[in-house]
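A short worksheet on the structure shown next.
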Amino acid sequence: MNMVIWNPAWETGITLIDQQHQALLAQFEALLVAIHENHPEDRIQPLLQFLADYVDTHFSMEEGLMQVVGYPGLAGHQAIHDRMRARVGQLLEAAKDNPATLTEEVIDFLTDWLLRHINEEDRRMAQHLQHAEGAWMRDEPGVVP
Ligand SMILES: [Fe+2]
């Protein structure tokens, strides 16, 4: 089981995004531990459901920020998010039908995907956000639509 320790090099510089990335990785880890320790299905299902909801919340928050500043890469970034939303949704359905489909490898895959996404697409997005003028202002999640 590979545990992920947050690396400050993964920070995008946008506090809200970084906090949510850390929270997402913590969710992956909680799920990984639950699978590794053979927790009963009724404890794993809510974790997985929470993760799926949180993935959607996080992606929607990023998309809101990209929209506010008119980020030119929005459509491409959103398409990547949509593919991952679909993948997590399928995972949730598959695990409901057959809990054995939810393996440590699946969570490792999601973790790797997220770290790559953070370091590539999210970093590009954050650079644009940092240079964008506007009312959204980093560190003020209250003004995010
Ligand atoms: Fe993203």
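The values are calculated or read from the model by the stated rules, or taken from the named source; none is laboratory data. In this text, all values refer to a predicted model and were calculated from it rather than measured experimentally. Positions of Cβ are backbone-derived with ideal geometry, glycine not excepted, and every protein chain shown enters the neighbour counts. In case anyone asks, the SASA skips ligands and DNA or RNA and just uses the protein heavy atoms, side chains included. Shrake-Rupley method; radii C 1.70, N 1.55, O 1.52, S 1.80 Å.
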Within the chain, helix-based [θ] at 222 nm, where runs of 4 or more DSSP H residues each add -39,500 (n - 2.57), nearest 500: -23000 deg cm²/dmol
From the C-alpha gyration tensor of the chain, square roots of 5λ in Å: 29, 15, 13
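Assign one of three labels to segment 79-125, namely rounded, prolate or oblate, based on the Cα gyration tensor with a ≥ b ≥ c the square roots of its eigenvalues; rounded applies when a/c is under 1.5, prolate when it is not and a/b is larger than b/c, and oblate otherwise.
Oblate, since a/c reaches 1.5 and b/c is not below a/b.
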FRET efficiency, 1/(1 + (r/R0)^6) with R0 35 Å, evaluated for A9 and L92 via beta carbons: 0.70
3J(HN,Hα) from dihedral phi, segment 57-67, Karplus parametrisation 6.51/-1.76/1.60, rounded to Hz, x for glycine, proline: 4, 5, 4, 5, 4, 4, 5, x, 5, 4, 5
With Cα atoms, 0 to 90° folded angle of helix 104-117 axis to the chain main axis: 10 degrees
Computed label-point distance, nm, for sites R116 and Q130 using a 7 Å Cα→Cβ extension: 2.4 nm
Nitroxide proxy distance, nm - points 7 Å out along Cα→Cβ at V33 and N2: 2.0 nm
Fully extended contour minus Cα-Cα distance, from Q67 to Q19, at 0.36 nm per residue: 15.3 nm
Accessible surface, 1.4 Å probe, highest first, among residues F28, F50: F50, F28
